[in-house]
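First comes the structure, then the notes that go with it.
The values are calculated or read from the model by the stated rules, or taken from the named source; none is laboratory data. These numbers come from a predicted model, not from an experiment. Reconstructed Cβ throughout: ideal geometry from the backbone, glycine too, with neighbour counts over all protein chains shown. Each accessible area value is taken on the protein alone, full model and side chains, heavy atoms only, with ligands, DNA and RNA left out. Shrake-Rupley method; radii C 1.70, N 1.55, O 1.52, S 1.80 Å.
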Amino acid sequence: MRRVLKWLGVLLIALIGIVVIAALVGYLVSERRIAQTYTLADEALTLPTDAASLAEGQRLVTIRGCSDCHTPDFGGQVFIDDPMIGTIATANLTTGQGGATASYTVADWERAIRHGIGADGQGLLIMPSYEYAGLSNEQVAQMIAYLQTVPPVDRVPAEPSFKPLGRALFLMGQLPLLPAEKVDHGAAHVASVPAAASTEYGAYLSTTCTGCHQPNLAGGVVPGSAPGALPSANLTPAGNLAHWSLDDFKATLRAGITPEGKVLDPAVMPWPITAQMTDVELEAIWLYLKSLPPATSSG
């Protein structure tokens with residue numbers, strides 16, 4: 001019996017040692033990735049100053065979901081606060097106390113939006129720049145021009161912290177802490193994209209949908225979601241959207257009620273944002289979604 005207890009003790013110590021080593025390795029590997037820096041050439045952008053361009057910039061940051069994460073006043077908010085995962089806040093985009101962009105150059109703004117990289121060269125946490133990497137120079141300039149005009153908000157964001165589970169999920173690809181890792185930083189950018197009711201323009205607009213509905217738009221549980229989170233809808237022809245008409249689609253994204261009578265929760269499906277899209281934009285997205293191959297949701 002003593003021998004059995006002795007071996008059980010040795011086994012327990014060995015298991016504890018393995019856990020400690022794994023945790024240490026996970027910490028070091030995750031810290032190395034978080035601390036990685038990028039060096040990119042400045043993008044030559046000229047910011048507009050006319051009222052129409054600033055108004056369009058305001059609309060673009062709305063329909064592209066910037067105010068959804070950074071709050072309507074762009075002062076930022078706590079995005080993740082979990083004792084097992086950690087704490088992460090979105091940036092204060094104003095010039096107020098705690099603002100991250102007060103000293104930003106135009107190039108800094110561009111790198112943050114399209115590359116997910118901060119002024120210090122490090123990847124920005126949870127900034128979904130892979131959704132904005134393909135935006136035209138014209139629209140990025142309009143967005144930056146507007147964001148530089150928003151009133152200052154005094155809001156100091158919480159310091160980021162990462163708990164063991166958060167680091168483990170990050171390393172397993174289940175918590176997208178560093179979207180900059182998913183961006184093709186060498187890709188060329190077009191000067192402008194003409195608005196048209198076409199599948200091409202729909203593909204350009206639909207990148208904003210991929211964060212929740214997955215890259216193939218087949219829906220599923222969003223990586224990093226809380227346990228028990230409901231999956232996002234399948235937007236391909238394999239989903240319920242196949243039974244809708246264009247008018248159904250437009251009405252749903254403007255009123256938040258599906259043809260079946262389901263009321264959409266704005267916190268889950270931000271239809272007040274899509275309500276600000278034009279008829280051409282909504283039709284383009286509709287045409288693009290209809291052109292996709294049927295795909296299976298991830299959950």
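Residues with beta-carbon under 13 Å from that of Val268, excluding Val268: net charge, scoring Lys, Arg +1 and Asp, Glu -1?
-1
Ignoring any ligand, DNA or RNA, what whole percent of the accessible area of the chain comes from carbon and sulfur when the probe is 1.4 angstrom? Intermediate results must be reported in sequence, preceding the final value.
Working: 9920 of 15850 Å².
Of the solvent-accessible surface of the chain, carbon and sulfur hold 63 percent.
Mind ranking 258-267, 245-254 by how tightly packed they are, going by the mean number of other C-beta atoms within 10 angstrom, highest first?
Those peptides, ordered most packed to least, come out 245-254, 258-267.
Once amide H atoms are built 1.01 Å from N in the peptide plane, which residues 5 or more positions from Gly99, or in another chain, come under 5 Å H to H?
Amide H neighbours of Gly99, under 5 Å, 5+ apart: Arg155.
Under a plain spin-label model, where a point goes 7 Å from the Cα along Cα-to-Cβ, how far apart in nm are Val78 and Asp265?
In this crude label model, Val78 to Asp265 measures out at 2.0 nm.
Report the gain in length on full extension from Ala242 to Ala119: 0.36 nm times residue separation, minus Cα-Cα distance, nm rounded to one decimal.
39.9 nm is the gain from fully extending Ala242 to Ala119.
Averaged per residue, what accessible surface does the chain expose to a 1.4 Å probe, in Å²?
Spelled out: the 1.4 Å probe surface of the chain, per residue, equals 53 Å².
Treat every Asp and Glu Cβ in the stretch 244-299 as -1 and every Lys and Arg Cβ as +1, leave all other atoms uncharged, and give the resulting dipole magnitude about the Cα centre to the nearest 20 debye.
My answer is approximately 100 debye.
Run the simple label-point estimate for Cys69 and Ala195 please: 7 Å along Cα→C-beta, distance reported in nm.
For the pair Cys69/Ala195, the computed spacing is 2.4 nm.
Quote the charge dipole size of the chain about the Cα centre in Debye, to the nearest 20; the model charges only the Cβ of Lys and Arg (+1) and of Asp and Glu (-1). Please list the in-between numbers first.
Working: 17 positive and 26 negative charges, 328 e Å.
That gives a dipole near 1580 debye.
Rounded, prolate or oblate: pick one for the chain, where a ≥ b ≥ c are the square roots of the eigenvalues of its C-alpha gyration tensor, a/c under 1.5 means rounded, and failing that, prolate if a/b is larger than b/c, else oblate.
Oblate, because a/c is 1.5 or more while a/b does not exceed b/c.
Note down the nm distance, to one decimal, between modelled labels 7 Å out along Cα→Cβ at Leu165 and at Ala51.
5.3
Mind jotting down the three principal axis lengths of the stretch 146-299 based on Cα atoms? Whole angstrom, largest first.
Taking max minus min along each principal axis of the Cα atoms, the stretch 146-299 gives 46, 40, 34 Å.
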